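Asks: Provided herewith is a single structure, encoded as C-alpha cells, for subsequent inquiry.
The values are calculated or read from the model by the stated rules, or taken from the named source; none is laboratory data. What you are looking at is a predicted structure, and each value in this text was computed from that prediction instead of being measured. Glycine gets a Cβ as well: all are built from the backbone with ideal geometry, and neighbour counts include every protein chain shown.
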C-alpha cells in the first residue's frame, strides 16, 4: 500500500494531470462583467463623462495651484493627476475592447440569422414561383368563361339556323292535318 506522501510525489512527477493555478477556482460570470464593460464604455462615450472629467481636472488644478483650503498635494507638473489618467486609460482600453468584442459577437449572430432568413425567404419565393407557374399552366388548359360563352353562342346560332331552316322547309311543304 502506498503512503499519501508517495501518491503526492507521483502526482507531482507526472506532468499534465492537473493544472495548478494561483488564481481562485471560482468561475466568473462573463456576462455580468461584459455588461459592466459595455455600460462603462457607453458612459465614457458621452458628453456627461467629458463634462465630469473636465470639472474634476479644473478643480484638481485650482486646488493644487492656488492651494485652496491649505491643500497642495500635487504641485505643478501634476504627476499624481497624470498617474490617475494613465490608470484610467489602462482600464478603459481593455473594457472598451471587451465591449466591442461583445458587440461584434452579437452582430455576427444577427448576420447569421439574417442570412438564414434570407435563404428561407428565397426558398419560399422559388416555391411560390413554381406553384404560380403550375397554376398558370393548369388555367391555360381550362376553358375560360369567354370561351364557353362563344361556344354556347355558336351552338345557339347553329340551333337557331337549323330551326329556321326547318321552318322554311315546312313552309314550302303543304301542311297535313290529321
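Asks: Which residue out of 103, 120 is within 25 Å of the chain's Cα centre (by Cα) and over 30 Å from residue 38 (Cβ atoms)?
Replies: Criteria check complete, one pass: 120.
Asks: Does residue 127 count as surrounded by 10 or more Cβ atoms within 10 Å (Cβ to Cβ) and either at pLDDT below 85 or outside any helix (DSSP H, G or I) (or both)?
Replies: no
Asks: For segment 33-56, name all the residues that are in contact with a helix residue (DSSP H, G or I) (Cβ under 7 Å, 6 or more places away or on another chain) and either free of Cβ contacts under 8 Å to residues at least 12 places away in the same chain or at positive phi (or both).
Replies: Once the filter is applied, which keeps residues that are in contact with a helix residue (DSSP H, G or I) (Cβ under 7 Å, 6 or more places away or on another chain) and either free of Cβ contacts under 8 Å to residues at least 12 places away in the same chain or at positive phi (or both), segment 33-56 yields 43, 49.
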